[in-house]
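Below: the structure, in structure tokens.
The values are calculated or read from the model by the stated rules, or taken from the named source; none is laboratory data. All values reported here derive from a predicted model rather than from experimental measurement. Using ideal geometry, Cβ is built from the backbone for each residue, glycine included, and neighbour counts are taken over all protein chains shown. The accessibility values were calculated without ligands, DNA or RNA, using every heavy atom of the protein model including side chains. Shrake-Rupley method; radii C 1.70, N 1.55, O 1.52, S 1.80 Å.
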Amino acid sequence: MPANYLGVDTGATKSEALLADSQGRVLGYARSGPGNWETVGWEGMRAVLLEIISQAATAAGISIEEITASGMGLAGLDRPEDLQPHLDLLREIGLSGPLALVNDAVLGLVAGAEAGWGVVVSGGTSCNCYGRDAAGRYGRMTGDNRFGEYAGALELVQHAMQAVARAWSYRGPQTQLSDAFVSAAGAEDVDDLLAGLVRGRYSLDAGHAYLVFQTAEAGDPVAIATVTWAGRQLGELANGVIRQLSLAEQSFEVVLSGSFFRGSPRLQTLIAEVVAAEAPGARITRLHAPPVTGGVLLAMEA
């Protein structure tokens, strides 16, 4: 029977499944909503995975039991103790072949690094950072922004809103971000915006990160400082993993994976500057392929 390799990518926003043959030809694809167990619970995750895997298998003309091997990047798979519950859930679904399970951030590294190892900085709604050295050892962050690991789209908006509040209270400089957020929320003025955010009349989410990037590109110093903050934060995440894996003297790729990096070229420049101070031989590269393709490659490895 021909080999069928399954790649899966679950996150806080969407989940994808991709089936390919041994030549990398796409056999089936499916997409659904969030699949992070920390967000939707174990039953919610099970339902999403069963949905997308079944749909991809149907498109490929096979059953789930006929999948040769699976490689999955799963949001919420942050620590060794998380592995067994995920394995149990996937076996319940009917996957019987080899399983390679990693945090979803790792898929960008597998898909984007030419040698299959290096460091990946993942930026979307939030952010994460993982690394893998040539011997297969992993380095990682905690995966929890409560521990100071934050510089994704949502955190950029929150940081920008803090600047707007400082401007309103005269603790900081005035900024065009104030007018941008007032307009986006449909508020009357900054005072109404702040009150509405507190009382729940208005909301600003990760989707409003583009306003920060636009305002920075227009030359607003506060917006530029906010983007600079994010870029340097992300660069320091990479440096932490570089130190964990003792990569500083080696030549390797730092892959930038996720929609956040489409927001501004400043991010890539800033990350490169921060990383170069730690690892001069590191090369910054953007991932343009869907991360789920990394799952297929992991399945082939398995």
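Descriptive notes on the structure:
- Just so you know, in the range 116-140 the residues that are more than 14 Å from SER257 (Cβ to Cβ) and aliphatic (A, V, I, L, M) include one that is surrounded by the most Cβ atoms within 10 Å (Cβ to Cβ), and it is ALA134.
- Selection of first residues in the range 3-19 that are in contact (Cβ under 8 Å) with a residue 12 or more places away in the chain and over 16 Å from VAL40 (Cα atoms) and of second residues that are assigned to a strand (DSSP E or B) and open to solvent by 10 Å² or more (accessible area, probe 1.4 Å), restricted to Cβ pairs under 6 Å at least 6 apart or on distinct chains, gives the following pairs, ordered by first then second residue: GLY7/LEU18; LEU18/TYR29; LEU19/LEU27.
- Any hit, the range 270-288, residues being closer than 27 Å to GLU16 by Cβ, modelled with pLDDT of 95 or more and open to solvent by less than 10 Å² (accessible area, probe 1.4 Å): yes
- Residues of the range 149-170 classified as of a type in the set (Phe, Trp, Tyr), in a loop (DSSP other than H, G, I, E, B) and either crowded, with 16+ Cβ neighbours inside 10 Å or in contact (Cβ under 8 Å) with a residue 60 or more places away in the chain (or both), total: 1
- Test: residue in the range 28-39 that is among the charged types (D, E, K, R), under 24 Å from THR142 (Cα atoms) and touching an Asp or Glu at 6+ places or on another chain (Cβ under 7 Å): no
- ARG31 touching a residue at least 12 places away in the same chain (Cβ under 8 Å), among the charged types (D, E, K, R) and open to solvent by 50 Å² or more (accessible area, probe 1.4 Å): yes
- Hits in the range 12-33 (condition: more than 17 Å from ASN103 (Cα to Cα), not in a loop (DSSP other than H, G, I, E, B) and not hydrophobic (A, V, I, L, M, F, W, C)): GLY28, TYR29, ARG31, SER32
- Enumerated helices (runs of 4 or more DSSP H) restricted to the range 34-141, each holding at least 3 residues that are of a type in the set (Ser, Thr, Tyr): 37-60
- Residues that are modelled with pLDDT of 95 or more and under 16 Å from the mean Cα position of the chain (by Cα) do occur in the range 60-73.
- In the range 254-269, the residue that is nearest to VAL292 (Cα to Cα) out of those that are open to solvent by 20 Å² or more (accessible area, probe 1.4 Å) and not in a helix (DSSP H, G or I) is GLY258.
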